[in-house]
Every structure is written in structure tokens, then in C-alpha cells.
1. Expected output is a single nm value to one decimal: the length gained when fully extending between A:Glu282 and A:Thr221, i.e. 0.36 nm times separation in residues minus the C-alpha distance. What is it?
2. So for each of B:136-149, B:42-55 I average, over its residues, the number of other beta carbons within 10 Å; can you give me the resulting order with the highest mean first?
3. Need one value for A:83-93: mean number of C-beta atoms belonging to other chains within 10 Å of its residues' C-beta atoms.
4. Based solely on C-alpha atoms, express the radius of gyration and the Dmax of chain A in angstrom.
5. Checking the table B:Lys45/B:Lys168; B:Lys168/B:Lys254; A:Lys269/B:Lys168 against a 20 Å threshold on Cα-Cα, which pairs fail?
6. For the range A:74-269, calculate the relative contact order in percent as a whole number, restricting contacts to Cα pairs under 8 Å that are 6 or more residues apart.
7. Please give the peptides B:164-173, A:68-77 ranked by average Cβ packing (other Cβ atoms within 10 Å per residue), highest first, as a rough proxy for protection.
8. Just report the Cα centroid separation between the range A:106-123 and the range A:75-89, whole Å.
Amino acid sequence: MSKPEDEPKSTTLLETAKEALQGLREDIKDPQRTQIWKSVFRVKHERSDPRTRSLGVLGNVFLHLHPGRINRDAVRYNYTWGMGGITFYLYLVLTFTGVLLMFYYHPTKLQAFRDILYLEHDVPFGRLARNMHRWAAHLMIITLWLHMFRVVLTGSYRRPREFNWCVGVILLVLTLLLSFTGYLLPDDQLGFWAVTVGTNMARATPLLGNEGPFGPALGMTPYNDVRFALLGGSIVDANALLRAYIWHCIAIPVLASVFMIVHFWRVRKDGGISGPSPVMLESEIKPPAKVR
Amino acid sequence: MDWAQIWRIVSVPDNVPITLIAILVPFYTWYGLRQAVATDRLIDKLQADPALAKTGHRKILPFLPEWSREVPVWPYLLKIEFLAAIIVTLILMIWSITLNAPLEEPANPNFTMNPSKAPWYFVGLQEMLVYFDPWFAGVVLPSLIVVGLMVFPYVDTNPLGLGYYTIKQRVIPLFSFGFGFFLWLLLIFIGTFVRGPGWMWFWPGQPWDHTRVIYEVNRNLPDVLGIHNLWLGGILGVLAIAIFYAGAGWGIHKWLTKPGLNRTLYERTSLLQYATFQFFAITVLAGLPAKMILRLVFRVHYVLITPWFNI
Ligand code: HEM
């Protein structure tokens, strides 16, 4: 059925395959010209061209929190100490190792402790995952405090960054709560008594605790006060374990992630990192616009 | 000196981060203050020479006119970030391979751990329980600290010292925050290294004696003054607290209005901002150490006793 003028152009199967192979070879040499590459990365990257490198940063979902270009002094380690970034990296490590642990952990009185033993002794790299989760959590609190310390030393919490500082304080509280709820999960003596001591304080909450000032007057008993709400009972038991698990693995991580997104977004919107900026002199203080 | 006892506390796996803090916090304090001192010197130089202030480079970092002001994030920032991630991962790996996370016996409500300590980052709160009742130490004070941190930027009206390390331009916030941070770390160190069985005071290196009994008489302020009537005692307590607020407030006021930069900044501060700062400074930064001294040195338990709550 083929038309006569097609005849001379027809090639053998071998030649077609050769041609395809040749094309494939060129694609492998220069993958940037392929449709697949273009569809994934959107821009072509020239190693030497700063403009497309900037575009590469801006066009990448993981990197686009960065600007394309940045003040030359702001990349210095001695200004930010990298502590915010390291804190975030540790949060990622904790998420990753935490998910690994979740594959083996049941939040029940019957199994929790045994699951930890199982992780430590039988699961391949289980002990490493648990250790890394533990120590990354401790390290995160240290880097978090150092991050705050840096922000204070450089005065970066002030206008226009006041709100981002407040977001940071919430992140601080959430991080500490993450540690606290995680402490109970192995269901051993250490966690049990730490959480018992911790939640016993909730008994004494003014107005809302059964031993707190004015609590009993408002009808608070051990069976309806805030401590009961935290533990899902009047003692640290199965319900408390389940609640700690859900707060630790779902609720607080989701909240913390949302606040982190806001935190990073505000760093950009507030004009990027606050410094290192030129010094201002006392003689240059302008009178306040309006004293309220 | 019982070194074994000290080692027993230091080598608890969950206490290793405290050693890390004892190294990292002084290091970064030095690292930041060193830059602050250099900046302060630059500020002095610029202030003494207005002509230089107009034309001079205003950073302690080197700059040459032919350098571009900005650099591409890729690779200049990204390479640092990836390097940091690799280093942190390495540290974490080595730490996790050499030291195991603790696991005690299964939870047993019938067997109390003694001493039963919170993890180190909460041990400061636990130590505060010695000085205040739980409703205050465990609930009100932590809330005050969190709220106090949040209002911090809104009461600081200083337009100077934004975006660089400096001491002389930011004495008040640096001292307030630094003192708070120091107190918090101090509580952690006391809670970890000093408190033993029964939350009793054991000097570092003193062996933990589980049978020890201390016959210390903790008195309340009215008893110290020989007042045993409940009403009179209550009035006395309120009076004592009022005097403390007035005295501490007066001292802080003197500091805030010291001639010079403090005075200039004071004049920019609204009454609401001033009152807010005073409230948190007196209640948390002055009140906590005052109660600690009353308790540890003078053995005074409560200052104010009421039928509903005690302070
Ligand atoms: C989970 C916790 C946190 C994460 C992951 C985080 C992350 C970051 C990152 C990556 C930056 C960019 C600059 C830098 O690395 O220093 C930053 C800036 C900032 N953070 Fe955080 N942060 C956290 C908690 C906090 C806390 C507790 C505070 C204060 C109470 C805070 C206040 C700020 C402020 C004010 C800035 C802007 C600083 C500037 O522009 O110089 N953050 N944060």
C-alpha cells in the first residue's frame, strides 16, 4: 500500500536502530538537551553563567527559599553561625529517623517497651536509628538555643522581624514539647517518672487544676482537670501513652512544620538575613515619628 | 572529693549534651563578643571622626571597591550549607555509634526512681519547684517566660545595633537576655550536678547518701518576724512583695535612665512599653533569683501565705 516515492528513503531496521543508539549516546553525553531533563529542571544550567545558576536556585522547589543572589557578607559563617539552618537540618534528620522507628513501634502498654528492645537487638540498624533520633533531638535543642542567642546578640529580633521572633518562640515551645512527649514513648522507668513529675505540675494549674489556686472552687477534680485531659486518665497509663504518641508523631510535627514554613517565608519577606549591616551611630538617631 | 560520683553524673548518656553546652555556649559567647568588641572599636573611631563616618567603610569585614556587593547563592551559600549538613551528619553518626540511648527497666508505677529527674532541658523547671509552689513554678512562671520572650522585641525601642554584633549600643537587652539565659543554665547545672536523692543538696563530688536526712528548718517570713496571726501575716507578705517590687523597680529605673544612650532610649519608650519591661524584669529576672537566695541562704519558704495559694 506504500506510495512509490517512499521507496528510496526506506531504511533497514538495523540502520534505524543505529540512529536511535547514536541519539541516545548524545543524550547521555549532554543530558540537558533531552525532553526529560527539560521537563524536570525547566532551565538549562551553564556552569559558568551566574544568571542561569540563579534561575536554577529560584526554579527549584527545595532551594527557592533562597534568593538568587545574596549580600557577600551574609554568607559568612561568623554572622549567623548557621544555627537556624542546622536546627532545620536536624529536624529533617529527626523526621527521617522518626519514620523509621514508627515502622516498628506500637503505642500500647503491651508492646511499646518490647518494640524498643526489638529495635535495639534485632532490627538491622535499629539501634543506630534510635540513637540518632535521640541525640539529634538533644542536639536540636542546643542549636536552637544558640540560634536564639545569635538573634539576640545581633539585635535581629527588632523591627521588621518582631513577628518572626514570636514565630520562633512558638517553635521553641513546640520543640521542647516534642522532646517531652517523645520521652514517654519507650515506656521505661526514665520516661514514666519524668512524665509523671511533669504532668503532676498540671494538677496545680490555677483555675484548671484540681490542686491549683481556685481550682477546686471551680469544680476541678482529678477526673476532669487539665491533667486528666493531658493523660486521658488520672494516672500515666495506656491512654497517656497513646496521647503522647499522637502528639509526638502527628500533631506537634504538623504544627511545627507549619510554623517553620511561616518562619522561613518571613525571613525572606522581612528583607533576608538582617546583616552583617553597616553600623549606625548614636548621632544618627532620628527623633521618633510619634510617641504613643 | 568523690570524683567517681561526678563521673557517674557526667557520664549518664542523657547528660552528655550538658557537657556539650558547657563547651559550646562559652565558645559562641566568645565568638560573638569578639566581633562585638571589634565593632565597638569601629563605632568609637567613626564617632570621633565625622569625616571618616561619611566616607569610611562601616563594617568590620574587609571590603574592596572592585568586589561585587552580591554573590550568587549557588555555589557560595549552598556549598556551605551542604558542608554543614555533612559535618552535622558525621558528628551525629559518630555520637550514635559510640553512645547508646538510655533504656531503663520497664515502667513500674510501684517503684519510684530516686532521684526522679526530668531530661536536662526541663531540669531547670524542676529545680524551680524548690523555690515556688507548682502552680507558680510549673505553670505561671514558664508562661511568663514565654510571653516575656514574645514581648521582648516590642518593648525594645533602640534603633541602633540592628544587624551587627555590638555591646555598647545594646547594653540593656544584652544584659537582660544574657542574665536570663545564665539563670536558666544555672538552674540546669544545679538540678543536674547538685541535686541528689530526695532532691537534697549534695555539693558536686559529695557522695550520694540515700539514707541522708536533713533537719533543716524552713520557716515562713511571718514566723521569722514572730507574727503568727494569719491576717497580720498575710498583710505582711503583701507588704514584703510590694516593697520588693518598689525596690527592684527603682533600681531598674535608675539603670534605664542612666545619662547617655540609656536616657535617650528611655525618652523614646512609651509608658506601656516601659511598664511591660519593668513587670517582666522584676517578676522573672529579679524575682526568681531573690526567691532562690531567700530559700537557699535564709531558709525562708513562703513570703506570702493565704488560704488559697502561697508564694
Ligand atoms: C525549629 C526551630 C527553628 C528553625 C528551624 C529556625 C530556622 C531559621 C533559619 C534557617 C533562619 C535563617 C538565618 C539563620 O540561620 O540564622 C532563621 C532566622 C531567624 N530566626 Fe529562626 N529558627 C528556629 C527557631 C527560632 C527561635 C526559637 C527564634 C527566636 C525566639 C527564632 C528567631 C529568628 C529570627 C528573628 C530570625 C531572623 C534573623 C535575621 O534576619 O538575622 N528562630 N531561623
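We did not get these values from a lab; they are worked out from the coordinates using the rules stated. Just so it is clear, the model here is predicted, and its values are computed rather than measured. FYI the Cβ positions are ideal-geometry reconstructions off the backbone, even for glycines, and counts take in every protein chain you see.
1. Numbers: separation 61, 0.36 × 61 = 21.96 nm, distance 5.83 nm.
Between A:Glu282 and A:Thr221, full extension yields an extra 16.1 nm.
2. Values: B:136-149: 18.9, B:42-55: 13.1.
Output ranking for B:136-149, B:42-55: B:136-149, B:42-55.
3. Numbers: counts 2, 0, 6, 5, 0, 2, 6, 4, 0, 1, 4.
Across the residues of A:83-93, the mean count of other-chain Cβ atoms within 10 Å is 3.
4. According to the Cα coordinates of chain A, Rg and Dmax are 28.8, 103 Å.
5. A:Lys269/B:Lys168
6. In percent, rounded to a whole number, it is 20.
7. Values: B:164-173: 22.1, A:68-77: 17.4.
Top to bottom by mean Cβ count within 10 Å: B:164-173, A:68-77.
8. The two parts, judged by their Cα centres, are 36 Å apart.
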